[in-house]
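Some notes on the structure that comes next.
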Amino acid sequence: MNRRDLYRFGTLALGGLVTLALAVPGVAYLFDPILRKKKGQEQDYEELTTVSRLKVGVPEVFPIIEERLDAWVKYPREPVGSVWLVRQPPGTKPEVLAFSAECPHLGCAVNLSADRQSFFCPCHTSNFHFDGTRINTIPPRGMDKLDVRLSNDTDPKVAVRFQRFRVQSTESIPLV
């Protein structure tokens, strides 16, 4: 091998190493949103209150405040939705029910009715019992139930896994 071939081989090898050194982080950056963990993991439960603070049979609404991550953009903590919690009578399982505060009809905010005896959506008068079942036929299904986890403390903490569901569907289909 003469000197000219050595320079040619050395330049090619050095150029390949530099290209590889720049390509690996670039590819990792592009695939980061795909490789990131999806929602639904254990850390997605948000602690809202304790069981003792909830009155039996009286629904209470709680805001869900999260940091949103949209591909590469990280947003500060902000309200992303609301959850209705209803404590059940002693000895009933589950002890606390959680429902999404979005109406399954068109996604409007669900509130309490004027007489405070049911849930009510003012957009199209959808109406629900406190167990989430629908009262009238306007919504295609009952309110969407959310997963609840209670801690093992003397006064258990209520944690809810918040998610959104497809509207105008007869089934509760989670949005990813």
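Listing for the model above:
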item	result
Rounded accessible area of Tyr29 (nearest 10 Å², 1.4 Å probe)	140
Glu67 accessible area, 1.4 Å probe, all protein chains in place, Å² to nearest 10	100
Residue (of Tyr75, Val110, Leu17) at the positive-pole extreme of segment 1-137, dipole from beta-carbon charges	Leu17
Protein-only accessible surface order, largest first, of Phe128, Phe62, Phe31 at 1.4 Å	Phe31, Phe62, Phe128
Cα-based Lys pair tally, the chain, threshold under 18 Å, eight or more apart or on separate chains	8
The chain: relative contact order in percent, alpha carbon pairs under 8 Å with at least 6 residues between	19
Percentage relative contact order, segment 50-101, counting C-alpha pairs under 8 Å, at least six apart	35
Mean Cα-pair separation over length for segment 52-153, i.e. relative contact order, pairs under 8 Å, 6 or more apart, %	19
Accessible area (Å², per residue) of the chain, counting only protein heavy atoms and a probe of 1.4 Å	67
FRET efficiency, Thr154 to Thr92 (Cβ-Cβ, R0 25 Å, nearest 0.05)	0.80
The chain: C-alpha gyration tensor shape, a/c 1.5 cut-off, then a/b vs b/c	prolate
Given charges at beta-carbon only (K, R positive; D, E negative), |dipole| of segment 6-154 in Debye	300
Sulfur and carbon atoms: percent of accessible area, the chain [1.4 Å]	57
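The values are calculated or read from the model by the stated rules, or taken from the named source; none is laboratory data. All of these numbers come straight from a predicted model, not from anything done at the bench. Here the Cβ is made from the backbone with ideal geometry for all residues, glycine too, and neighbour counts use every protein chain on show. The protein model used for the area step is the full one, side chains on, heavy atoms only, and it has no ligands, DNA or RNA in it. Shrake-Rupley method; radii C 1.70, N 1.55, O 1.52, S 1.80 Å.
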